[in-house]
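Asks: Next up is a structure, given as structure tokens.
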Amino acid sequence: MAVQMNSSVHATTTATSPPPVAQVKKDEGREALAVVKIEVEDQDDAAAGVDYADRAQWLRAAVLGVNDGLVSVASLMIGVGAVNQSARAMLVSGLAGLVAGACSMAIGEFVSVHAQYDIEVAARLLRRKRGLEDEPGQLPIPAKAAAASALAFAAGAALPLLAGGFVRPWAVRVAAVCAVTTAALAGFGAVGGALGGTSPARSGARVLLGGWAAMAVCYSVLWLSRLVMGAQVSGATC
């Protein structure tokens with residue numbers, strides 16, 4: 001009986017004995033390293049301080065305005081150049097496109113942001129009636145958004161206008177508009193990609209290909225319309 005009791009006590013002591021001291025220290029070291037790694041990652045994210053969601057609204061408006069002005073006026077000038085090779089016609093068409101496009105962008109942005117403003121105000125009033133606290137964040141300013149969109153469009157439109165609006169030879173004028181527009185599209189696309197957290201090269205190439213396609217379509221359509229209208233006029237005079 002005593003032998004059985006001693007065996008049972010020995011087995012129980014062996015089963016419940018704590019792990020070796022070296023193993024405990026090793027496990028504690030692993031846990032400490034994991035905690036330090038997590039803290040370092042959190043500090044890196046906080047140090048970066050990049051909130052791409054907060055950038056999305058103003059970045060979209062700025063990139064859209066600049067690229068829209070650049071592509072619209074460049075395509076308009078090249079298209080008019082396909083029909084009328086005079087420098088005055090291309091200059092007037094580009095200036096008209098700048099003014100009309102800036103006004104259109106301002107009005108469209110004002111209406112859009114004002115609708116967003118009305119929705120957010122209504123939501124805050126509803127929360128107050130229910131006794132809830134207002135959500136953090138400032139309300140959008142329609143006039144500010146409209147002015148920013150108009151200025152962005154005008155800045156983009158001014159580049160092809162100044163590049164080719166005052167050049168007399170037709171071929172040099174069209175080449176200058178295409179060259180400046182190409183460089184600006186690639187540059188603005190790369191900057192937008194960098195600010196948005198994507199590949200600058202991929203973003204620049206995407207914007208550049210889109211601008212080239214728009215200019216090619218505009219030139220081709222107006223060149224074909226010149227041929228069609230010229231044939232109709234010559235047939236009518238006969």
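Asks: Would you check if Leu162 is closer than 30 Å to Ala205 by Cβ and assigned to a helix (DSSP H, G or I)?
Replies: Yes; evaluated as a whole, the condition is true for this residue.
Asks: A further question follows. What is the residue count in segment 129-158 for residues that are closer than 24 Å to Ala176 by Cα and more than 20 Å from the chain's Cα centre (by Cα)?
Replies: Taking segment 129-158 as the starting set, the residues that turn out to be closer than 24 Å to Ala176 by Cα are 151-158.
Next, from what is left, pick out any that are more than 20 Å from the chain's Cα centre (by Cα): 158.
Selection size over segment 129-158: 1.
To keep it simple, each residue is scored yes or no on (1) touching a Phe, Trp or Tyr at 6+ places or on another chain (Cβ under 8 Å); (2) at pLDDT below 90.
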{"position": "Asp51", "(1), (2)": "no, yes"}
{"position": "Gly65", "(1), (2)": "yes, yes"}
{"position": "Arg88", "(1), (2)": "no, no"}
{"position": "Ala96", "(1), (2)": "no, no"}
{"position": "Gly101", "(1), (2)": "yes, no"}
{"position": "Arg130", "(1), (2)": "no, yes"}
{"position": "Asp134", "(1), (2)": "no, yes"}
{"position": "Gly137", "(1), (2)": "no, yes"}
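Asks: If you don't mind, another one. Looking only at residues in segment 171-195 that are farther than 17 Å from Leu161 by Cα and of a type in the set (Gly, Ala, Ser), which one is modelled with the lowest pLDDT?
Replies: Gly192
Asks: Here is a list of conditions, (1) of a type in the set (A, V, I, L, M); (2) surrounded by fewer than 21 Cβ atoms within 10 Å (Cβ to Cβ); (3) touching a residue at least 40 places away in the same chain (Cβ under 8 Å), and Leu159 meets all of them except one; can you say which number that is?
Replies: Tallying (1) of a type in the set (A, V, I, L, M); (2) surrounded by fewer than 21 Cβ atoms within 10 Å (Cβ to Cβ); (3) touching a residue at least 40 places away in the same chain (Cβ under 8 Å), Leu159 fails exactly one: (2).
Asks: Can you report the number of residues in segment 70-111 which are β-branched (Val, Ile, Thr) and in contact (Cβ under 8 Å) with a residue 40 or more places away in the chain? Talk me through it step by step, then tell me what you get.
Replies: Filtering segment 70-111 for residues β-branched (Val, Ile, Thr) gives 71, 73, 78, 80, 83, 92, 99, 107, 111.
Narrowing the set further to residues that are in contact (Cβ under 8 Å) with a residue 40 or more places away in the chain leaves 71, 73, 78, 80, 83.
Residues meeting the conditions: 5.
Asks: Could you count how many residues in segment 80-131 are surrounded by fewer than 16 Cβ atoms within 10 Å (Cβ to Cβ), small (Gly, Ala, Ser) and over 30 Å from Ala216 (Cα atoms)?
Replies: Qualifying residue count for the region: 4.
Asks: Kindly provide the set of residues from segment 191-206 that are farther than 16 Å from Ala152 by Cβ and crowded, with 20+ Cβ neighbours inside 10 Å, ordered by number.
Replies: Residues satisfying the conditions are Gly193, Ser203, Gly204.
The values are calculated or read from the model by the stated rules, or taken from the named source; none is laboratory data. Here the structure is a predicted model, which means the values were calculated and not measured. A quick note on method: Cβ atoms are made from the backbone with ideal geometry, for glycine too, and the neighbour counts reach across all protein chains shown.
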